[in-house]
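In what follows, a structure is listed as structure tokens, so that the remarks can point back to it.
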Amino acid sequence: MTALTIDRVNKRYGQLHILKDISIAIREGEFISLLGPSGCGKTTTLRCIAGFERPDSGRILFGTRDVTAALPEKRDIGMVFQSYALFPHMTVAENLAFGLEARKIAPDERKRRIGEVLSMVRLEGYEQRFPRELSGGQQQRVALARALVIEPSVLLLDEPLANLDATLRDEMRFFIRDLQQRVGITSVYVTHDQSEAMVMSDRIVVMNAGEIDQLGAPREIYERPASARVADFIGRSNTLQGEIAEALGGESYRIATSSGAIGAEGPSGLSVGAKVQVMIRPENIRIADTGEARHGDNLISGSVVKSIYQGNANQLSIRLASGDEMAVDVSGRTLIEPDAAISLRFAPGDAWLLAS
Amino acid sequence: MSSVDKTIWDRLFLVLVGAIYIFLMFPIVLVMLLSFNSGEFLAFPLEGFSLRWFESLFSNKRFLDATLYSVRIAAISTIVNGVIGTLAAIYVARHARTGARNWLRVLMTGPLLVPEILTAIALLFFFYEIGVGTDYSIGIQIGHIVVTFPYVFLNVSSALFNFDRSQEEAARSLGAGPWMVFRRVTLPAIKPGIITGCLFCFVISFDIFNISLLLKSLGNNTLPLELFDYLRFNFDPTAAAIASLSIFLTFAAILIIDRTVGLRSLRF
């Protein structure tokens, strides 16, 4: 069932077109991330859902209820802010009670729910502390608890981990994801950190310049990006220019490139002769004489330009005969001579076509 | 620069700062000392310790009346400015158009920028022009409110500037309407600014002279005016006793600021 619908929403600030016809349907209990560089419109989208911004056109529905014109306080949302936005003059318990008081919940029930949610975020015994007496991670958990204690229909998170240090950030990712799944609450998460979006989300909305570049599960976004922009934004990638030489049916194609003919997969329906880019992730390329070669693997040769040892991996830079450079990740134990001639292989399934 | 040089410069700097403080504080200390002088004149050397001038102050009906009048004027100025200064600061910070904001800010702090005597003369003409005149206390009261207005406005403005507005959004997301947001979130956050501004307002209103001199109503003198009148014909330490009392009140106010909001505002 669709819990949250964003239907052809447009937003302009003066000359700037911030959101261009954004449509997203979010399922009940789903964790969805809005991912993109700053200025892509992800925060504006979230603020439209929260009601802090009013779309110029389009609709926003919670379930079947049209909330486009509703004030934030009438929307039944829980929101977590980048700055936490805890009330500094109130204790943890008072911060949590605020939303319950606004909803006129009886004191007994209030107390029960506060206790319950504090144990959920593992902060029992912190009721009487003030926010300034807590660490960044604890403050973040209080902010989460404050948003969840009112049992909202949607949880909105605006870069909640951006102010935490790296270790804590990694820990909180799993904490938030785990909590979200236990509560089963529909969540919209805004981030510019692609690895955060990858590990937490059911689906990711990749945004750019006010448009949705791609909407899909993390695996789909990573392995089957819709455009070169998405491929670049999510992880590292190599691209080879080419032209479709033969459609082999389904998603399989044969591509003519300046480094020879290779097999690749792409969206079905591409026509022969179309210009394409072939995207290959560095970790999916192997040195030809190592491991087990499979029938149909693409072979390509070049010479080693650079090798950067990183312990667990060697990051190689390979110059192909065509002059293109390719990044290749191999095991850290593989010894590579600089300037050595090298032969690479990769499966057609790991080469993905992007229309250019 | 070596560390030896640094300590020498540090010490010289401390000496300079000390000298400035002595220069500023010495007259005040002197006046306070004189108020306890048992001699007949406002002069050195001190002839002995006595509280007789305080007694003379408190038994002088004119001084008592003037003190009460000053307190009344200052209290009304404080209450009025506490409300309109806060509202004005909220309007300028939140609702004014970006282009108009800086102009409004300058306009609101105008009474601080224009010499007090000019404000006084302008108001005097104005009150006579519109028929209010200076028969009643309304003129002097308005004058005090105008001159002390910027103190509340500026303090609340800076409190608003340092306030993280996402707290208000958080409150709204939790289901609070505009009034609950203001009362439970915004007001507590700007409270230190309001209190500091109000105390300044009170102390300044208690102290100002020019406005009172020109706008005072019939038969009422503020304490500084009464003191000035007194000093024209008398030169005994009663005047010093009044000064000591004013200084004491000012210090008390500063102490209150520090104890109630000064230290606490560091938490945010």
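What follows is calculated from the coordinates using simple rules that are stated; it is not laboratory data. Model, not experiment: these values are computed from the prediction. Because the Cβ atoms are built from the backbone with ideal geometry, glycine has one as well, and the counts that use them run over all protein chains shown.
Read through the list (1) farther than 15 Å from A:V206 by Cβ; (2) more than 17 Å from the chain's Cα centre (by Cα); (3) more than 14 Å from every other protein chain (Cβ to nearest Cβ); (4) in contact (Cβ under 8 Å) with a residue 40 or more places away in the chain, then give the number of the only condition that A:A50 fails.
Exception for A:A50: condition (3).
Inspect region A:176-183 for any residue being part of a strand (DSSP E or B) and within 20 Å of A:L148 (Cβ to Cβ) and give the result as yes or no.
Looking for residues that are part of a strand (DSSP E or B) and within 20 Å of A:L148 (Cβ to Cβ), one finds none in region A:176-183, hence no.
May I ask you to list the residues in region A:79-113 that are in contact with a helix residue (DSSP H, G or I) (Cβ under 8 Å, 6 or more places away or on another chain) and within 7 Å of chain B (Cβ to nearest Cβ)?
A:M79, A:F81, A:S83, A:A85, A:F87, A:P88, A:H89, A:F98, A:G99, A:A102 - these are the residues of region A:79-113 that are in contact with a helix residue (DSSP H, G or I) (Cβ under 8 Å, 6 or more places away or on another chain) and within 7 Å of chain B (Cβ to nearest Cβ).
What's the number of the condition A:E283 fails, among (1) of a type outside the set (K, R); (2) buried (at least 17 other Cβ atoms within 10 Å of the Cβ); (3) under 15 Å from A:G349 (Cα atoms)?
Result: A:E283 passes all but (2).
Looking only at region B:70-94, which residues are closer than 28 Å to B:G219 by Cβ and surrounded by fewer than 17 Cβ atoms within 10 Å (Cβ to Cβ)?
B:V71, B:R72, B:A75, B:I76, B:I79
Check whether at least one residue in region A:117-137 is under 15 Å from A:A85 (Cβ atoms), away from chain B (no Cβ under 13 Å) and in a helix (DSSP H, G or I), and report yes or no.
yes
Would you mind listing the helices (runs of 4 or more DSSP H) fully within region B:101-196 where at least 2 residues are within 14 Å of another protein chain (Cβ to nearest Cβ), touching a strand residue (DSSP E or B) at 6+ places or on another chain (Cβ under 7 Å) and crowded, with 17+ Cβ neighbours inside 10 Å?
Helices (runs of 4 or more DSSP H) meeting the threshold: B:166-173.
Among (1) touching a helix residue (DSSP H, G or I) at 6+ places or on another chain (Cβ under 8 Å); (2) surrounded by fewer than 16 Cβ atoms within 10 Å (Cβ to Cβ); (3) more than 14 Å from chain B (Cβ to nearest Cβ); (4) not aromatic (F, W, Y), which single condition is A:I60 missing?
Going through (1) touching a helix residue (DSSP H, G or I) at 6+ places or on another chain (Cβ under 8 Å); (2) surrounded by fewer than 16 Cβ atoms within 10 Å (Cβ to Cβ); (3) more than 14 Å from chain B (Cβ to nearest Cβ); (4) not aromatic (F, W, Y) one by one, A:I60 breaks only (2).
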